[in-house]
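What follows is a set of notes on a single structure, which appears directly below.
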Amino acid sequence: MEKTWPVEFRNISCSYFPESRVDCHYTVSSQHTWASADWIGLFKVGWSSVKEYHTFVWALAPNDFEEGTEFSCCVQFQASYLPCASSTQYEFVYIDAKGDVCSRSSSFTFSAPKPLEDLVTLEEDSHGEEAGNDMLLVVPRAELLQNHLQQCLHERTELIQLQKETNKLREQEKEEYKKAKQSWDRQSSNYEMEIARLQNDLKHAQDKQDKMKELQKETAFGESLLQDKCALMEEKDLCEQRIRELEEDIKIMAERTVERDIERVGVQKKEEESERINLQVNHEMRSLRERLSLSERTAEGLRNDLGAMVTQRDMGQAELHQARLQAAQLTLQLADSSLALREGKAHWAQEKQGLQQSTEMHHELIDKLHAEIQNLEETVQEEKMERVKLEVELGREKDCNRLQELKTSLRVTQKEKEQLQAEKDVSDHVLTRPNSSCLTVNSGITCTYTTLIQIMIIILPLVMLPSFQAVMGQYKDVIIH
């Protein structure tokens, strides 16, 4: 089972050029705690100690690095510190500040390009006094493609970073939207509770107003009692007037009795009649006095009841006035709350519309970024395929050149054979040698021809093998990438 490293090397090629710098891309996971003393070394495959490095650079981290998060970065090995071209296998090793190995890359070699092989001519504009003269630069095609690939990867990394920042900003907006929604829900629930409380208070005020109306009805009953009292007072006045009239009658009758006393005729009858009249008057006076005392007691009770009713009426009117004031205040508070609620709903709708517009803009930006990343990836893939096709065509051209050389050497051999045959024929006509010498010449020519054919059979695969291996290596790089 392959070991899982906390640091991962990316985009490692199978070979590099020693005359150009080498970019080393790596990703540090959240499992590893980066330190400024971490370093990346270039080791030969099969090393046994961290001191056996060929060269090293310090591991870098982005400026906005946060501890405990995953990040990607790149370091550069300068060309002056790289090993010479050879078949030795090398690898990158990430070592932390404690000296522990955190990751190892795949193996690769440093090989120099062959003369006039995979070279590209570039024109560079000169500056200064000789601005009219252009310079021609001859660089390896692989290095040019590698630089182009590094630029594409760098742009891809920047786009990915921008996408992460956009996603982070989108998450923050979602959190703010969620918090604003929760705050609005709490505020709405508070408004609803306040409205319910105000409605309850309004209901209590209405109940109190109903009680005040009943109290007003009772006050009206007290007014009817007051009218009865007035009627009783009027009756009392009538009784007092009647008593005064009776007293005047008594005086008149007393005067008449005195006159009758002077007149002694019929004194007894008049006395009896006067006694009877006096008894009636006294009886009427006692009854009137009793009625008067009863009326006074009734009037006093009514006066006390009327005072209590007036006091209760004043209190009821004061409470009714206060209840009306509270009802008006509650109505104003309810209107203010309704106005604040409508304003909050309008503000919330505006904020929601703004958030939706910003979300749509971020979606469009993310779609554009995805389209650009897809276009860049397609461009890189097309360049890789074009590079492979060019290398295959170049290998074919090399093979064709070698075959042409072999054909030329074969023609030369055939010409030599024909010359030998012509010399043989001349020697047959001019010289008269034994048949054994002719057989010797023929066998020598045949052996020479056979030897040349065997040499071609042996050389041809050896010549075509490097081109085939290079093509297979490029296909392998494409598959790895």
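Over all other residues within a Cβ to Cβ distance under 12 Å of residue 241, the charged ones net out to -4, with Lys and Arg as +1 and Asp and Glu as -1. Cross-link check: pairs 44/398; 44/384; 181/352; 179/368; 3/384; 181/345 evaluated at a Cα-Cα cut-off of 21 Å; pairs beyond the cut-off: 44/398; 44/384; 179/368; 3/384. For residue 236, the lysines whose Cα falls under 23 Å of its own Cα, not counting residues fewer than eight places away in the same chain, are 251.
A simple rule links phi to the HN-Hα coupling: the Karplus curve 6.51 cos²θ - 1.76 cosθ + 1.60 with θ = phi - 60°, which for the range 386-400 gives 5, 4, 4, 4, 4, 5, 5, 5, 5, x, 5, 4, 4, 4, 5 Hz, with x for Gly and Pro. For the range 50-111, the equivalent ellipsoid derived from the Cα gyration tensor has semi-axes of 25, 14, 11 Å, listed largest first.
Taking amide H positions as modeled 1.01 Å from N, with prolines and chain starts lacking one, the residues under 5 Å from residue 55 and 5 or more places away or on another chain are 42.
Residues whose amide H lies under 5 Å from that of residue 21, counting only those 5 or more places away or on a different chain, are 79; hydrogens are built 1.01 Å from N in the peptide plane. Pop a pseudo-label 7 angstrom from the Cα along the beta-carbon direction at both residue 289 and residue 8 and give the gap in nm to one decimal. Going from the residue 289 label point to the residue 8 one covers 12.7 nm.
Rounded to whole numbers, the Karplus 3J(HN,Hα) couplings from phi for the range 318-324 are 5, 5, 5, 5, 5, 5, 5 Hz, using 6.51 cos²θ - 1.76 cosθ + 1.60 with θ = phi - 60°, and x at Gly and Pro. Which FRET efficiency value, to the nearest 0.05, do you get for residue 394 and residue 423 by plugging their Cβ-Cβ distance into 1/(1 + (r/R0)^6) with R0 = 45 Å? Plugging the Cβ-Cβ distance into 1/(1 + (r/R0)^6) gives 0.55. Couplings 3J(HN,Hα) of the range 32-39, computed from phi: 9, 9, 6, 9, 5, 8, 5, 9 Hz, in residue order, whole Hz [Karplus 6.51 cos²θ - 1.76 cosθ + 1.60, θ = phi - 60°; x for Gly and Pro]. Distance between the modelled labels on residue 84 and residue 376, one decimal in nanometres: 3.9 nm (7 Å Cα→Cβ projection).
Less than 5 angstrom separates the built amide H of residue 103 from those of 94, all sequence-distant by 5 or more or on a different chain. With R₀ set to 41 Å, the beta-carbon distance separating residue 167 from residue 50 gives a calculated FRET efficiency near 0.60. With the simple spin-label model, which puts each label point 7 Å out from Cα in the Cβ direction, the residue 30 to residue 63 separation comes to 2.5 nm. Cα centroid separation, the range 54-82 to the range 153-215: 47 Å.
All of the numbers you see were taken from the coordinates with simple rules; none came from a lab. None of the values given here were measured: they were computed from a predicted structure. Counting neighbours? That spans all protein chains shown, and the Cβs are built from the backbone with ideal geometry, glycine included.
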